[in-house]
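What follows is a short report on a single structure.
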Amino acid sequence: MAKRLLGKEVTAALNERIKADVAELEAKGVKPTLGIIRVGGNESDISYERGATKRCETLGVACEKILLPADVTQEELLATINKVNKDDNIHGVLLFRPLPKHLNQSVIENALDPAKDVDCMTDGSMSGVFTGKNVGFPPCTPQACMEILDHYGIDCTGKKAVVVGRSLVVGKPAAMMLIKKNATVTVCHTRTVDMPSVVKEADIVIVAAGRAGVVDDTYLREGQVVIDVGINVNEEGKLCGDVDFEKAEPIVEAITPVPGGVGSVTTSVLVGHVVEAAKRKFA
């Protein structure tokens with residue numbers, strides 16, 4: 001039976017590191033602050049905002065919320081972003097997306113200063129992931145995957161890693177981050193021929209396919225570490241991942257559960273990015 005790679009253990013360790021960094025900054029008179037920009041009243045945005053605010057409070061990070069109406073103009077939103085860019089008391093910014101259709105999302109995303117882009121929405125931050133330069137921050141979800149690997153002492157050097165999914169949100173950045181850890185990386189996608197045999201070759205598998213239970217026992221073998229990024233609702237109304245957990249757990253060496261795996265780490269990663277942004281500014 002596989003070892004369960006529990007997100008709560010990773011989060012607890014990460015939170016302790018963040019608290020120590022916050023204490024150091026506060027000793028210098030700096031209060032790390034996250035600026036949250038929300039357009040409209042989308043329920044899932046409000047729910048995530050609530051969770052992020054609570055985590056910030058727990059870890060000693062301040063939150064400044066800027067709530068704008070759903071019919072806000074492009075000019076008004078760009079002016080808001082320009083204001084937070086210039087505000088030295090706001091170190092990281094979270095802008096909820098997708099934005100209403102009348103707004104040009106790409107233009108608005110890239111108006112943010114990459115130094116404050118704690119959720120990797122600017123092209124500048126994404127370039128940092130691909131070039132290895134210290135520009136902006138990587139997306140929180142693939143960063144959470146790396147935190148899990150690090151916490152459980154899973155060395156990627158020389159290992160074969162397969163990432164299932166090629167999105168800019170998870171798949172591609174996760175592949176780059178695994179390369180940085182000296183893994184040999186293959187990316188699978190909807191056009192991959194004989195995906196089960198490709199995934200079976202891997203020592204480490206990160207699954208971000210966006211489909212419930214798509215990776216089952218036919219993809220897996222003994223000795224593998226499986227990180228399941230997926231969050232889906234199955235026919236019984238329960239949360240489940242992109243990996244068929246019941247079929248995978250008896251086979252592989254270690255696996256993240258859903259819920260209780262990657263998702264539980266991402267919010268602390270976001271807060272950690274805010275604190276890191278403050279540290280970079282005052283380094």
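Observations on the structure shown:
- Within the stretch 95-111, the set of residues being more than 18 Å from Ser47 (Cβ to Cβ) and of a type in the set (A, V, I, L, M) comprises Leu103, Val107, Ile108, Ala111.
- Qualifying positions in the stretch 180-205 - among the polar types (S, T, N, Q) and in contact (Cβ under 8 Å) with a residue 12 or more places away in the chain: Asn182, Thr184, Thr186
- Extreme residue, modelled with the highest pLDDT, among residues of the stretch 165-182 that are under 19 Å from His273 (Cα atoms) and in a loop (DSSP other than H, G, I, E, B): Val170
- Selection from the stretch 104-122 of residues that are within 17 Å of the chain's Cα centre (by Cα), within 19 Å of Lys281 (Cα to Cα) and without any contact (Cβ under 8 Å) to a residue 60 or more places away in the chain: Pro114, Asp117, Cys120, Thr122
- Candidate set from the stretch 190-240 (those that are in contact with a strand residue (DSSP E or B) (Cβ under 6 Å, 6 or more places away or on another chain) and in a helix (DSSP H, G or I)); member that is farthest from Val162 (Cα to Cα): Met195
- Residue under evaluation Thr80, criteria (1) closer than 27 Å to Ala144 by Cβ; (2) touching a residue at least 24 places away in the same chain (Cβ under 8 Å); (3) polar (S, T, N, Q), criterion not met: (1)
- Residue list for the stretch 143-179, restricted to those being touching a residue at least 60 places away in the same chain (Cβ under 8 Å) and either more than 19 Å from Gln224 (Cα to Cα) or more than 13 Å from the chain's Cα centre (by Cα) (or both): Gln143, Leu149, His151, Tyr152, Ile154, Val164, Gly165
- Verdict on Phe130 being under 16 Å from the mean Cα position of the chain (by Cα), in a loop (DSSP other than H, G, I, E, B) and not hydroxyl-bearing (Ser, Thr, Tyr): no
Per-residue answers, yes or no, for (1) touching a residue at least 60 places away in the same chain (Cβ under 8 Å); (2) not hydroxyl-bearing (Ser, Thr, Tyr):
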site: Ser47; (1), (2): no, no
site: Lys54; (1), (2): no, yes
site: Cys63; (1), (2): no, yes
site: Glu75; (1), (2): no, yes
site: Gly92; (1), (2): yes, yes
site: Pro100; (1), (2): yes, yes
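- When each of Val185, Val162 is tested for being at pLDDT 95 or above, touching a helix residue (DSSP H, G or I) at 6+ places or on another chain (Cβ under 7 Å), assigned to a strand (DSSP E or B) and within 19 Å of Gly261 (Cα to Cα), the lone residue that passes is Val162.
- Ser125 being under 23 Å from Leu14 (Cα atoms), of a type in the set (Ser, Thr, Tyr) and without any contact (Cβ under 8 Å) to a residue 24 or more places away in the chain: yes
- Gln105, sole failed condition from (1) touching a helix residue (DSSP H, G or I) at 6+ places or on another chain (Cβ under 9 Å); (2) under 19 Å from Pro139 (Cβ atoms): (1)
The values are calculated or read from the model by the stated rules, or taken from the named source; none is laboratory data. All of these numbers come straight from a predicted model, not from anything done at the bench. Glycine gets a Cβ as well: all are built from the backbone with ideal geometry, and neighbour counts include every protein chain shown.
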